[in-house]
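Notes to accompany the following structure.
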Amino acid sequence: MSVLVYTDLHDGKASKGSLEALSYASKMNAGDVVAFCHGTLNGDGGMGAFGATKVLHNAIENLDAGQIAKMVADAASQAGADVVVFSHDNSGKAVAPRVAVRMNAGIVAGAISLPNTSAGYVVRKSVFSGKAMADVSLKTSKKVISIVPNSFGLHRTDGTASVEAFNGDAGNSSVKVRSFKPTSTDGAIPLPEADIVVSAGRGMKGPENWGPIEELASIFGAATACSRPVADIGWRPHHEHVGQTGIAIRPTLYFAIGISGAIQHLAGVNGSKVIVVINKDPEAPFFKAADYGIVGDAFEVLPMLIEAAKSFKSH
Amino acid sequence: MKILVCISKAPDTTSRIAFTDNNTKFDENGVQYIVNPYDEWYALVKGIELKETLGGNVTTITVGGSDNEPIIRKALAIGADDAVRVDLETGDSFVVASQIAAYAKDQGFDLILCGKETINYNSSLVGGMVAEMLNMPYLSLATSLTMEGSTAVIEREVQGGVEVLEVTGPFVLSAAKGLAEQRIPNMRGIMAARTKPLNVIAAISVDQTAEIVSYTLPAPKGACKYVDADHPEELIRLLHEDAKVI
Ligand SMILES: Cc1cc2nc3c(=O)[nH]c(=O)nc-3n(C[C@H](O)[C@H](O)[C@H](O)COP(=O)(O)OP(=O)(O)OC[C@H]3O[C@@H](n4cnc5c(N)ncnc54)[C@H](O)[C@@H]3O)c2cc1C
Ligand SMILES: Nc1ncnc2c1ncn2[C@@H]1O[C@H](COP(=O)(O)O)[C@@H](O)[C@H]1O
């Protein structure tokens, strides 16, 4: 028995989401954890250390989602895997639904628990943009599970994985890659993967006031985020927009500065472990969702907070 | 271009989320339904823009009961030409995708648009499943689509950045923010929508592969601990010693 995990490579190494998927698969205790990946791979891509025992590798760099899905399904059948695990990130979302159809497998997209096999096969997922959870029962013999990024954490096993070439037939594709634009050129942490996020809203008054937000983020090695109006008016780039219509994140620590806490904003951040709210209005709805709050003017609080954070980090 | 847009209904974003029947059913009491924002703002408007510049036809498809008709009329008011409703009280993503694929199979659509995800189930599955069933490319999470002759150029979100792709021939695309700008229907559109065709078709029979057996609400948050605005260092201490997150 084995579990197949689709892993996504960046600079030869498995992405953080992929390592989470491997960690999840090894905690399932459902046999060997076999990874499938394609493109440039260095060594075992760091995957053995997170539970993979074998890595099936196809060297082709650019494959379209349809081609990847075909290879993943073929790899699952070669590995004798009845369960395929993905990260529910941008890469997983492109491939997992196709794999489910190909394998006649039921799928849970956005899983937040390990499978419960005490009665059937039930996996919990997040629904209503994080406002509720649903237990989904899979009725098929084959299963696909894609897990919400940042909800399980990494589980180091310090093993090693053997790497095997996997040269299945990818088939043709009418899709061609023209170019790739990385989101952040400066090596900043991608927002969906960040453990700490410093986010700000219209309360910051204008884009010129983002210096302290960025400074606080850099002290904590955090990513920056913003509310929707801030992205819409162009103060900040669109990929920073979190919430119901932006991206959903679940960092361990979320700072919300000058954000009112509208329900559509909360929908994207209420999976955060700890929420800190800084707002000058004591009635701001965000305080109801906060673990820690400061009622005050961000322009006065931030400089002091930055000093305190710096001195904490230097100890 | 012959375009199909997948339209689903979703509870208004401010709806209270609660469950009935021993936590097995979503409590619809007092819930207003809207067109799922990704479907309306981005997928539908992009379809209409393409039709306006290149000519053609925009059909919407919705899998669901007759309670979907108000949201379908809204899509027609924004500018779709006609609508199809597959008469089925919604099943899982696989069942929904199977209905859409069965309808689209022989219709010769150049483009099938759907939203990034529904805001109630957040699955991001239907588009990819339809693409696999119809053996078409799936361009997920697209933020831009332009036509260069018969070649479509798409920007899409992938891990770590934005990929620019080109595709010829029919494809399925899921719409993310940026693909188009929201449009508000005008009076003329609303009047015209009343007489546009809304064809109800029978569902094909397919078995559900997944089923929601129960819902749970997250545990309520404890009360917020306030820190004095003049002493943010106390916040740092609490985050370190109390919450243990830094
Ligand atoms: C269908 C739909 C989907 C939506 N999706 C999203 C979404 O995905 N994400 C999202 O964010 N929004 C979304 N919205 C918008 C949402 O409803 C709110 O309008 C938005 O989140 C408000 O942004 P804000 O908190 O930055 O601004 P505001 O509501 O203007 O709040 C600014 C806050 O800053 C505080 N403030 C002002 N000055 C200071 C100061 N000097 N110091 C400290 N605090 C200060 C104010 O007290 C206030 O609470 C959506 C809306 C709809 C209808
Ligand atoms: N019942 C439905 N009828 C028509 N289209 C749907 C339906 N459910 C989902 N879709 C489409 O598929 C997209 C993704 O939905 P989901 O996979 O449920 O997150 C939505 O944004 C819609 O465009």
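The long axis of helix B:93-104 is offset from the longest Cα principal axis of chain B by roughly 20 degrees.
Each eigenvalue of the Cα gyration tensor of region B:122-190, multiplied by 5 and square-rooted, gives one semi-axis; in descending order these are 22, 16, 15 Å. Could you work out the percent of alpha carbon pairs in region A:214-312 separated by over 17 Å, rounded to a whole number? The share of Cα pairs beyond 17 Å in region A:214-312 comes to 51 percent.
Rg and Dmax over the alpha-carbon atoms of the protein assembly as shown stand at 23.4, 71 Å.
The order of the peptides A:148-154, B:98-104 by mean Cβ neighbours within 10 Å, most packed first, is B:98-104, A:148-154. Listed by chain and number, the aspartates and glutamates whose C-alpha is less than 19 Å from the C-alpha of A:K139, apart from same-chain residues fewer than 8 away, are A:D82, B:D92, B:D207, B:E211. Per residue of chain B, the DSSP helices (runs of n ≥ 4 H) give a summed -39500 (n - 2.57) that works out to -6000 deg cm²/dmol at 222 nm. Annotation: extensible slack from B:A219 through B:N199 equals 2.8 nm (criterion: 0.36 nm per residue apart, minus Cα-Cα distance). Going 7 Å from the Cα of A:T40 in the Cα-to-Cβ direction, what parts of region A:1-24 have a backbone nitrogen less than 11 Å from that spot? Answer for region A:1-24: A:10-13.
Dividing the helix sum by the residues of chain A, where each DSSP H run of 4 or more adds -39500 (n - 2.57), gives a mean residue ellipticity at 222 nm of -7500 deg cm²/dmol. Charging the Cβ of each Asp and Glu at -1 and of each Lys and Arg at +1, and nothing else, the dipole of the protein assembly as shown about its Cα centre rounds to 700 debye. Annotation for region B:52-132: GluC sites (Glu not before Pro) lying in DSSP loop with at most 16 further Cβ atoms inside 10 Å of their Cβ are B:E89. Against the criterion of solvent-accessible heavy-atom surface with a 1.4 angstrom probe, B:Y42, B:Y121 sort, most first, into B:Y121, B:Y42. Taking amide H atoms as placed 1.01 Å from N in the peptide plane, the amide H of A:A35 lies under 5 Å from those of A:V5, A:T53, A:K54, A:V55, A:L56, each 5 or more residues away in sequence or on another chain.
For a label point 7 Å from the Cα of B:D21 along Cα→C-beta, name the residues of region B:211-231 whose backbone N is under 13 Å from it. Residues passing the 13 Å test: B:212-215. In region B:2-219, a dipole from Cβ-located charges (positive for Lys and Arg, negative for Asp and Glu) runs towards its positive end, and of B:I100, B:L111, B:L198 it is B:L198 whose Cα lies farthest in that direction. Altogether, the Stokes-Einstein calculation at 25 °C and 0.890 mPa s, with the Kirkwood radius of region A:266-315 over Cα pairs as Rh, returns a diffusion coefficient of 203 µm²/s. Between region B:35-114 and region A:3-66, the C-alpha centres lie 36 angstrom from each other. Pairs of Lys residues in region B:2-219 that lie 8 or more places apart, or on two chains, and have C-alpha atoms under 19 angstrom apart add up to 16. The label point for B:D67 and the one for A:N116, both projected 7 Å from the Cα toward the Cβ, are 2.6 nm apart. For region A:2-165, the dipole from Cβ point charges (+1 on Lys and Arg, -1 on Asp and Glu) about the Cα centre works out to 600 debye, to the nearest 20.
Mean-square fluctuations from a GNM of chain A, with a 10 angstrom spring cutoff on Cα atoms, peak among A:A14, A:A134, A:A76 at A:A134.
Measuring r between the beta carbons of B:D230 and B:Q32 and using R0 = 41 Å, the FRET efficiency lands at 0.40.
Put simply, the amide H of A:I147, placed in the peptide plane, has neighbours under 5 Å in A:F86, A:S87, A:H88, A:G110, A:A111, leaving out anything fewer than 5 places away on its chain.
Of the trypsin sites (Lys or Arg not before Pro) in region B:164-246, the ones in a loop by DSSP (not H, G, I, E or B) with at most 15 other beta carbons within 10 Å are B:R194, B:K221, B:K244. Geometric descriptor of region A:62-158, per residue, is 130 Å³ (volume of the convex hull of the Cα atoms).
The trypsin sites (Lys or Arg not before Pro) found in region A:53-142 that occupy coil by DSSP, while having at most 16 further C-beta atoms within 10 Å, are A:K139. Taking Cβ separations below 4.7 Å as the criterion for a possible disulfide partner, the isolated cysteines in chain B are B:C224. Ellipsoid semi-axes for chain A, based on the Cα gyration tensor and the rule √(5λ), read 38, 21, 18 Å when sorted largest first. Taken over region A:191-314, lysine pairs spaced eight or more positions apart, or on distinct chains, with alpha carbons under 22 Å apart number 4. On region A:191-314, 54 percent of the accessible area sits on carbon and sulfur atoms, based on a 1.4 Å probe. Working from Cα pairs under 8 Å separated by at least six residues, relative contact order for chain A is 14 percent.
Rounded to the nearest Å, what's the spacing between the alpha carbon centres of region A:185-247 and region A:262-315? Just the number, please. That distance is 14 Å.
For the segment B:204-214, counting C-beta atoms of other chains within 10 Å of every residue's C-beta and taking the mean gives 6. Approximating the spin labels as points 7 Å out from Cα along Cα→Cβ, the B:N135-to-A:K288 distance works out to 5.3 nm.
With 0.36 nm allotted per residue and the present C-alpha distance subtracted, the B:D207-B:E52 stretch has 51.9 nm of extension available.
Projecting label points 7 angstrom from Cα along Cα→Cβ for B:M147 and A:E208 puts them 4.5 nm apart.
For A:K54, a cut-off of 21 angstrom between C-alpha atoms picks up these lysines, skipping any fewer than 8 places away in its own chain: A:K13, A:K16, A:K27, A:K70, A:K142, A:K143. Placing +1 on each Lys and Arg Cβ and -1 on each Asp and Glu Cβ, with no other charges, gives region B:2-219 a dipole about its Cα centre of roughly 580 debye.
The values are calculated or read from the model by the stated rules, or taken from the named source; none is laboratory data. Source: prediction; values computed, not measured. FYI the Cβ positions are ideal-geometry reconstructions off the backbone, even for glycines, and counts take in every protein chain you see. What goes into the accessible areas is simple: the full protein's heavy atoms, side chains included, and nothing from ligands, DNA or RNA. Shrake-Rupley method; radii C 1.70, N 1.55, O 1.52, S 1.80 Å.
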